[in-house]
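Novice: Here it is: the structure, laid out below.
The values are calculated or read from the model by the stated rules, or taken from the named source; none is laboratory data. Please read these numbers as outputs of a predicted model, since none were measured by experiment. FYI the Cβ positions are ideal-geometry reconstructions off the backbone, even for glycines, and counts take in every protein chain you see. We work out accessible area using only protein heavy atoms, side chains counted, and drop any ligands, DNA or RNA first. Shrake-Rupley method; radii C 1.70, N 1.55, O 1.52, S 1.80 Å.
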Amino acid sequence: MNVESKSKVDVLDEIAAGERDALPGAEFVDAMLERRRAFWESKPLLERTHYRGFGEVSEETAHERLRIQCQAELFAAQVPHQMLELAPWTEIKADLARQVHDEYRHFKVVKAHLESLGGEYPKDYLPPVKEWRELQAIAYSADMLQSPDHVTQLLARSAVLQFGIEGWDVEFIHPHFMQHIETHDPRLFELFETEIINDERFHSEIGERILKKCDRNRDMQRVAITYLGKAMQQHHKVNLAFADFAADARPFAV
Ligand SMILES: [Fe+2]
Ligand SMILES: [Fe+2]
């Protein structure tokens, strides 16, 4: 990490502590990107992803991993659905409405793939990895945030899902994951390539557009900083837990 990026990360701590004024929107986005990168770069390579258990695994693990992916798509639909009600910005509402549609479509595509392999997705399915359910709970409930302020509730959810999870997926995970499944599961590769990846890039950009709305507003920036921190800490636990879940999986080269 260079000196400039370290100071950007420190600036966020000072804003969160109320010790300095908030940044202009674009600078805030840059500092948050830097923080996300610095967090993950401080972890060993194989602890940076929960995309494990695809391709060259037992049939049981492959089916379970696809069920987890189906449920993840539903989760990624339901959170922006909540946010749609909370957003005070019309153009962001349009983006969120698109995301809700995209994610339900991803669910259908992944479920059809699972079924084509002989697997099933039960209606009452819950993913078997507790840490992953806990990360989702932070996004669903904004960690039991009691704020009556809709923008605060929206920011917390966006910092967890769109910026924390999806943004990191797009920046780091998907390139490596795609390279891996291109060889080990070409059908899944094609589905991601044609139906999912471009949408995910858009969802990640929504996270950045929402952060930009925090322009020079310390209260808003503090919420986003706090919830990105919670999301990343929990996501790291998720990644460790997925390594146990998919112990028979061949880790993709990162
Ligand atoms: Fe998705
Ligand atoms: Fe998404």
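Novice: Can you pull out every residue in segment 36-72 that is more than 16 Å from ligand 1 (Cβ to nearest atom) and among the polar types (S, T, N, Q)?
Specialist: The answer is SER42, SER58, THR61.
Novice: Also, quick follow-up: What are the residues in segment 73-85 that are surrounded by fewer than 20 Cβ atoms within 10 Å (Cβ to Cβ) and either of a type outside the set (A, V, I, L, M, F, W, C) or more than 11 Å from ligand 1 (Cβ to nearest atom) (or both), if any?
Specialist: GLN78, HIS81, GLN82, LEU84, GLU85 - these are the residues of segment 73-85 that are surrounded by fewer than 20 Cβ atoms within 10 Å (Cβ to Cβ) and either of a type outside the set (A, V, I, L, M, F, W, C) or more than 11 Å from ligand 1 (Cβ to nearest atom) (or both).
Novice: Just to verify a result, which residue in segment 99-116, among those that are surrounded by fewer than 18 Cβ atoms within 10 Å (Cβ to Cβ) and more than 12 Å from ligand 1 (Cβ to nearest atom), is nearest to the chain's Cα centre (by Cα)?
Specialist: Going through the qualifying residues, I end up with ALA112.
Novice: Just to be sure I understand, how many residues within segment 117-140 are in contact (Cβ under 8 Å) with a residue 12 or more places away in the chain and either part of a helix (DSSP H, G or I) or open to solvent by less than 50 Å² (accessible area, probe 1.4 Å) (or both)?
Specialist: Number satisfying all stated conditions: 14.
Novice: Restricting attention to segment 179-203, which residues are free of Cβ contacts under 8 Å to residues at least 12 places away in the same chain and either within 15 Å of ligand 2 (Cβ to nearest atom) or acidic (Asp, Glu) (or both)?
Specialist: GLU182, GLU190, ASN198
Novice: Next question. For GLU195, only one of the following conditions fails: (1) within 16 Å of ligand 1 (Cβ to nearest atom); (2) open to solvent by less than 10 Å² (accessible area, probe 1.4 Å); (3) within 19 Å of the chain's Cα centre (by Cα). What is its number?
Specialist: (2)
Novice: Those residues that are closer than 17 Å to ASP169 by Cα and of a type in the set (Ser, Thr, Tyr), I need them from segment 36-90; list them, please.
Specialist: Residues satisfying the conditions are SER42, THR49, TYR51.
Novice: Specify which of the listed residues (ARG67, ARG20, ARG48, ARG52) is over 17 Å from the mean Cα position of the chain (by Cα), among the basic types (Lys, Arg) and either loosely packed, with under 14 Cβ neighbours inside 10 Å or at pLDDT below 95 (or both).
Specialist: The unique qualifying residue is ARG20.
Novice: May I ask you to say which residue of ASP124, ASP185 is modelled with pLDDT of 90 or more and acidic (Asp, Glu)?
Specialist: Of the residues listed, the single one that is modelled with pLDDT of 90 or more and acidic (Asp, Glu) is ASP124.
Novice: Pairs needed: first member in segment 161-176, in a helix (DSSP H, G or I) and open to solvent by 20 Å² or more (accessible area, probe 1.4 Å); second member anywhere, within 15 Å of ligand 1 (Cβ to nearest atom) and among the charged types (D, E, K, R); C-beta distance under 6 Å; at least 6 residues apart or different chains.
Specialist: VAL170/GLU200; VAL170/ARG201
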